[in-house]
Amino acid sequence: MFARLAGTGHFLPEDVLTNAELERRVDTSDTWIRERTGIRERRVCGPDESVVSMATEAAKRALNAANLPAEQLDLIVVATTSADRAFPSAACEVQHALGITDTPAFDVAAACSGFLFAMSVSEKYIVSGAAKHVLVIGSDALTRMCNPDDRNTIILFGDGAGAAVFSAAEEPGILSTHIYSAGEFASLLGADHPTRSDEALQQEAWLYMRGREVFKVAVEKLAELVEHTLAHHNMAASELDWLIPHQANYRIIQATARKLNMPMSQVVMTLEKTGNTSAASVPIALDMAIRDGRIQPGQTLLLEAFGGGFAWGSALIRY
Ligand code: ACO
């Protein structure tokens, strides 16, 4: 039994935050942001939007694309680290918003790599026969966790959600998933939970990042990761049709593409208009490239992400 991608969807809030607007808020420039990251603008949740509302919209679009009624889902997994509530889980709230009940639903926390981790868990459910149809969502609103005065972080992040339905099939599908974590890097990237009781801690609860150090480890781990993933299948990089990377920084993505000897024309890029949407970034990119016809049936896709934890992961998919 294999897990096959049956449908995808994404949702981005309407509010656009441009580099020009950020220039007015903090000491930065459009040129600096574009040259260092590749980002021009990002979307930001409005007051009535949330991780759950974005996730629900993306989920409806994915279910629609898969032509699957929500009642037929056996499992819902939401990858997020920025939901409004610690519990109930965002997944339980999405389940309710989809008008269904009883379906097991839970969240996975692996920051920017959350979607890959959630996919990995879901694949195991399908391959073992425990589930036939799984809804996997990445949804994050990290703009809400960034100190509005911190130019190191607010330039990077955007809000959004992406979703995919995976279904049991005789043919692959997901060829493999690979996930890794290294907790020793916690001081380089993270966000304290706002419910921590110490008042001083609450003041410092904004997302923190030592960008240059994160950058260095990200490039190194992603190079190892893509190499391992291909070696696992005895596959050459030239057999890949598309690289669908986490959209954190153009230079990180370029380094991974270079490692694979892939031209940037085979790399799905969204970050110019979305910024880093954390767990949502890979499924948003996947959905955009499926909907605009770049990704075609039978093609081989390499998905990868790196983020807070550190946590990083990949998936090789035959579409
Ligand atoms: N505007 C203008 N200048 C700035 C800004 C800004 N927004 N931010 C920093 N600078 C300045 C710095 O103060 C520094 O000045 P100095 O040389 O006088 O000290 C200079 O620009 C260079 O700063 P660096 O931090 O070295 O810049 P770098 O080239 O590393 O780019 C960036 C910073 C874009 C954050 C990069 O390090 C990066 O992308 N890191 C990885 C981010 C990432 O992948 N995160 C993981 C995913 S997130 C998650 O999991 C939630």
Residues in segment 58-86 that are surrounded by fewer than 21 Cβ atoms within 10 Å (Cβ to Cβ) and either at pLDDT 95 or above or touching a helix residue (DSSP H, G or I) at 6+ places or on another chain (Cβ under 6 Å) (or both) total 11
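Determine whether segment 197-213 contains at least one residue that is in contact with a Phe, Trp or Tyr (Cβ under 6 Å, 6 or more places away or on another chain) and either at pLDDT 95 or above or within 16 Å of the ligand (Cβ to nearest atom) (or both). So that I can check it myself, show each step before the final result.
Keep residues of segment 197-213 that are in contact with a Phe, Trp or Tyr (Cβ under 6 Å, 6 or more places away or on another chain), which gives none.
No, segment 197-213 contains no residue that is in contact with a Phe, Trp or Tyr (Cβ under 6 Å, 6 or more places away or on another chain) and either at pLDDT 95 or above or within 16 Å of the ligand (Cβ to nearest atom) (or both).
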If we ask which residues in segment 68-82 are within 16 Å of the ligand (Cβ to nearest atom) and out of contact with any strand residue (DSSP E or B) (no Cβ under 7 Å at 6 or more places or on another chain), their number turns out to be 0
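Away from the ligand (no atom under 16 Å from the Cβ) and in contact with a Ser or Thr (Cβ under 7 Å, 6 or more places away or on another chain), is that true of Ser128?
Values: away from the ligand (no atom under 16 Å from the Cβ): yes; in contact with a Ser or Thr (Cβ under 7 Å, 6 or more places away or on another chain): no.
Answer is no for this residue.
Sort out which residues of segment 217-265 are among the small types (Gly, Ala, Ser) and out of contact with any Cys (no Cβ under 9 Å at 6 or more places or on another chain), and write them in order of number. Outline the logic, then answer.
To start, the set of residues in segment 217-265 that are among the small types (Gly, Ala, Ser) comprises 218, 223, 231, 236-238, 248, 255, 257, 265.
Ala218, Ala223, Ala231, Ala236, Ala237, Ser238, Ala255, Ala257, Ser265, listed by residue number.
Can we say Leu189 is within 19 Å of Ala255 (Cβ to Cβ), in contact with an Asp or Glu (Cβ under 8 Å, 6 or more places away or on another chain), at pLDDT 95 or above and not charged (D, E, K, R)? Full working, then the answer.
Working: within 19 Å of Ala255 (Cβ to Cβ): yes; in contact with an Asp or Glu (Cβ under 8 Å, 6 or more places away or on another chain): no; at pLDDT 95 or above: yes; not charged (D, E, K, R): yes.
Criteria not met by Leu189.
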Can Asp27 be described as exposed (fewer than 14 other Cβ atoms within 10 Å of the Cβ), modelled with pLDDT of 95 or more and closer than 28 Å to Gly173 by Cβ? no
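Taking Asp48, is it of a type outside the set (A, V, I, L, M) and closer than 30 Å to Gly129 by Cβ?
On the way: of a type outside the set (A, V, I, L, M): yes; closer than 30 Å to Gly129 by Cβ: no.
Judged against the criteria, Asp48 is not a match.
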Over segment 236-249, the set of residues touching a residue at least 40 places away in the same chain (Cβ under 8 Å) and either surrounded by fewer than 19 Cβ atoms within 10 Å (Cβ to Cβ) or β-branched (Val, Ile, Thr) (or both) is Glu239, Asp241, Ile244
The residue that is farthest from Val51 (Cα to Cα), considering only those in segment 266-283 that are more than 15 Å from the ligand (Cβ to nearest atom) and outside any loop (DSSP other than H, G, I, E, B), is Gln266
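The values are calculated or read from the model by the stated rules, or taken from the named source; none is laboratory data. What you are looking at is a predicted structure, and each value in this text was computed from that prediction instead of being measured. Cβ coordinates were reconstructed from backbone atoms using ideal geometry, including for glycine residues, and neighbour counts include every protein chain displayed.
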